[in-house]
Amino acid sequence: MGGVLTALRWLPAGVGPAKPPAPLRARPPDAASGRGRPGRLRRCHVSDAAAGGAASGLHLGDAEPRSELRRQQKLAAALVLEAVNGRSAEERKMRPADPPVLPAPQKADANPEDSPGVLPQKPQRHFRRGPPNLQIRAPSKDSRDRRQDDTKQRDEMVGDARQEENTQRTVVSWRGAVIEPQPGTELPSRKAEAPPRPSSQAPRIQSQAAPPNERQRAVIDAFRHAWAGYRKFAWGHDELKPVSRSFSEWFGLGLTLIDALDTMWILGLKKEFEEARKWVSKKLRFQKDVDVNLFESTIRVLGGLLSAYHLSGDELFLRKAEDFGNRLMPAFQTPSKIPYSDVNIGTGAAHPPRWTSDSTVAEVTSIQLEFRELSRLTGRKKFQEAAEEVTRHVHSLSGKKDGLVPMFISTHSGLFTHMGVFTLGARADSYYEYLLKQWIQGGKKETQLLEDYLEAVEGIKKHLLRRSEPRKLTFVGELAHGRFSAKMDHLVCFLPGTLALGAHHGLPADHMELARALMDTCYQMNRQMETGLSPEIVHFNLYPQSDHKDVQVKPADRHNLLRPETVESLFYLHRLTGDPKYQDWGWELLQSFNAYTRVPSGGYSSISNVRDPLNPQPRDKMESFFLGETLKYLYLLFSDDPDLLSLDAYVFNTEAHPLPIWAPPRGA
Ligand code: DMJ
């Protein structure tokens, strides 16, 4: 394998295999590892804690060195910030940032308390975006939807806002004639108060995008095949069961359809988008007695609707997003303000999972991009406030290990629980991702987020990084009560992309070095399997024995759920380094998906055995993220246009839904 570095600066001195580690955990046979889905839980956390308790490595005596480390991290963050703000793009070897894509957040967002009477989102004048046949703008139809969907409060809000808009229009006059502001032209006197609009780059995505190249056309073909199955056998339902040609429900919200909206827009699938949009308009109703998982529904439904709004400019999606966001809010009504995992969007009853009062750390800390954006667009501060309260709270908690967080948090006490177990995989992964991405979303000003992210990357290097034998693949393992396990979830393969993104935004160059090495490893996790597809979990070999391979797979971990993380990181690595080998690797992956997961009658299926190309054992399920993430990232990976969803203009949520980076405030 090319690209594995021989000298790894980030590995702590003296780190290396000593003796074979004792097995740390027993796992139930079906280790699907999805977060928040009771049926897919894979951990035995309580027994893990008990088993390792005596040997706990989380010493209370760490407090002193940790505060010193923290001080150093703050210093490092300050230096990085100075560097980010002070160095030119050329000096940083970064592509120059695009001009701001959106007006600055309204004043009210910056300091909500100062503006108690601030108006919520004004109804947007519709500025035509994208090709005409996607501009589904019949006002009467949309008004009808609004009448059906919206609450009384919302009607009042809209009424107020209309008044505001009228006032604004009459202010703009020349020799007695009213001049309507043009799209993108804001009068200086009103500019600071202009409501946020859909991203100004959105039109480019379809109108000026280069025609798809051969590999992109292959992605379009894959998408069409997946969509055909969904359309035929699962239309309006959550997930396609491609083998039995039926469907399964999770929340009953047309999850696949919503997750796929922005992918269709980006791939230029206008007919499909239009049909899906019609379903959203006519059929998607949130007034139903159903429990949804806060995290999963936020990243997929709220994130999907918000990005569909930004790309299409269609207010239907924003209205739906706001309605849905309102229905998620009861989840935050807990003694600690750490949200419950589940909320009933019809009744407003929120609760933790049946077996615990805890929430998952990654879940409560990976809803912020979406809630913050919803507040910015609607002018309603409550979404952002509730989500940021969680961030502040988690920031201040003890129980971390050099920036690494435990996997559970109590909704009663607000404290971490099941302490001493640290992973970059399930239940913690996107905590790290959202530290960085919120910092980017907010214009790189929120230094607390940066500090926590930088500290965590140091924690990863110090505690979780090792190299395998014999090929010396750099990987991220896990730590349970001081004992290292060479186990890595495929989920961890989001990390190379996140590290590369941080380096692009001015963070230390060794983050990029580490990103490249981990990318090689994630590629090998796929490459070394007989189907070319990664299993859900691998264990790395730490001992130099000639008959051992680097990547080992336990029978219970052999499944592949069509997950996106490898191709997600390939997209970032290619976009930010320009190295075509990442596109070639992605191309191999697409071939493997086609060879082993494509179901002839339509759709793709997760499989149970990535080691048996003759019988990969389809599991009869197409996860919504295959359309929302995997195929979208493949399409973007195969593009050579850095401005197709520029990483200086957009930040992708953890379900691959692009949200705009907020412009820095004027004068900053
Ligand atoms: C997606 O829902 C998201 O990417 C999430 O962050 C992790 N799990 C799946 C994909 O693997």
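The values are calculated or read from the model by the stated rules, or taken from the named source; none is laboratory data. Fair warning: this is a prediction, and the values are worked out from it, not measured in the lab. When we count neighbours, we look across all protein chains shown, and the Cβ atoms used for this are built from the backbone with ideal geometry, even at glycine.
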Condition met for R427 (charged (D, E, K, R), at pLDDT 95 or above and surrounded by 24 or more Cβ atoms within 10 Å (Cβ to Cβ)):
yes
Going through G497, G482, G506 one at a time, which residue ends up being of a type outside the set (K, R), away from the ligand (no atom under 13 Å from the Cβ) and touching a Ser or Thr at 6+ places or on another chain (Cβ under 7 Å)?
G482
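Would you pick out the residues in segment 415-434 that are more than 14 Å from the ligand (Cβ to nearest atom) and of a type outside the set (S, T, N, Q)?
If we filter segment 415-434 for residues that are more than 14 Å from the ligand (Cβ to nearest atom), which is where we start, we get 415-422.
Selection gives L415, F416, H418, M419, G420, V421, F422.
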Failed condition for P555, given (1) of a type outside the set (S, T, N, Q); (2) farther than 26 Å from F295 by Cα; (3) within 16 Å of the ligand (Cβ to nearest atom):
(3)
Filtered residues of segment 529-578 (kept if among the small types (G, A, S), in contact (Cβ under 8 Å) with a residue 60 or more places away in the chain and within 30 Å of D643 (Cβ to Cβ)):
S569
Read through the list (1) more than 22 Å from V364 (Cβ to Cβ); (2) more than 16 Å from the ligand (Cβ to nearest atom), then give the number of the only condition that H490 fails.
(2)
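Output the residues belonging to segment 457-491 that are aromatic (F, W, Y) and farther than 18 Å from M407 by Cβ. Step through it out loud before you land on a result.
Here is the first cut: in segment 457-491, the ones aromatic (F, W, Y) are 475, 484.
Passing the criteria: only F475.
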Looking only at segment 282-339, which residues are closer than 19 Å to Q384 by Cα and among the small types (G, A, S)?
S297, G303, G304, S307, A321, G325, A331, S336
Check whether at least one residue in segment 564-573 is polar (S, T, N, Q), more than 21 Å from the chain's Cα centre (by Cα) and buried (at least 21 other Cβ atoms within 10 Å of the Cβ), and report yes or no.
no
Subset of segment 264-313 [among the aliphatic types (A, V, I, L, M) and under 18 Å from Y650 (Cβ atoms)]
M264, I266, L267, I299, L302, L305, L306, A308, L311
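Quick grid of which residues meet (1) crowded, with 24+ Cβ neighbours inside 10 Å; (2) under 15 Å from the mean Cα position of the chain (by Cα); (3) more than 14 Å from E568 (Cβ to Cβ); (4) within 10 Å of the ligand (Cβ to nearest atom):
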site: D620; (1), (2), (3), (4): no, no, yes, no
site: K632; (1), (2), (3), (4): yes, yes, no, no
site: D640; (1), (2), (3), (4): no, no, yes, no
site: E655; (1), (2), (3), (4): yes, yes, no, yes
Criterion violated by M622 - all others in (1) more than 26 Å from W250 (Cα to Cα); (2) in contact with a strand residue (DSSP E or B) (Cβ under 7 Å, 6 or more places away or on another chain); (3) of a type outside the set (V, I, T) satisfied:
(1)
Going residue by residue through segment 503-512, is there one that turns out to be closer than 21 Å to A486 by Cα and among the charged types (D, E, K, R)?
no
Quick check on my filter: what residues within segment 240-274 are within 22 Å of the chain's Cα centre (by Cα) and among the β-branched types (V, I, T)?
T256, I258, T263, I266
Among (1) more than 16 Å from the ligand (Cβ to nearest atom); (2) touching a Ser or Thr at 6+ places or on another chain (Cβ under 8 Å), the one test that G603 misses:
(2)
Consider V610 against the criteria (1) hydrophobic (A, V, I, L, M, F, W, C); (2) within 16 Å of the ligand (Cβ to nearest atom); (3) more than 30 Å from E513 (Cβ to Cβ); (4) outside any helix (DSSP H, G or I): it satisfies all of them except one. Which criterion is unmet?
(3)
The conditions are (1) in contact with a helix residue (DSSP H, G or I) (Cβ under 6 Å, 6 or more places away or on another chain); (2) away from the ligand (no atom under 16 Å from the Cβ), and L284 fails exactly one of them. Which is it?
(1)
What about S546, is it more than 14 Å from the ligand (Cβ to nearest atom) and either out of contact with any His (no Cβ under 9 Å at 6 or more places or on another chain) or under 21 Å from F494 (Cβ atoms) (or both)?
yes
Pair list, Cβ under 6 Å, 6 or more apart: segment 614-630 residue of a type in the set (D, E), other residue more than 9 Å from the ligand (Cβ to nearest atom) and modelled with pLDDT of 95 or more:
D620/K241; D620/V243; D620/S244; D620/S605
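Just name the residue that is nearest to the ligand (Cβ to nearest atom) out of those in segment 566-580 that are closer than 13 Å to F638 by Cβ and assigned to a helix (DSSP H, G or I). Full working, then the answer.
First pass over segment 566-580, keeping only residues closer than 13 Å to F638 by Cβ: 567, 570-571, 574-575, 580.
Subsequent filtering for residues that are assigned to a helix (DSSP H, G or I) retains 567, 570-571, 574-575.
Values: V567: 11, L570: 15, F571: 13, H574: 19, R575: 18 Å.
Here the answer is V567.
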I'm checking my understanding of the structure. Among residues of segment 324-348 that are in contact with a helix residue (DSSP H, G or I) (Cβ under 7 Å, 6 or more places away or on another chain) and surrounded by fewer than 20 Cβ atoms within 10 Å (Cβ to Cβ), which one is farthest from V290 (Cα to Cα)?
K337
Exactly one condition in (1) under 26 Å from F371 (Cα atoms); (2) away from the ligand (no atom under 16 Å from the Cβ) is false for L627; which is it?
(2)
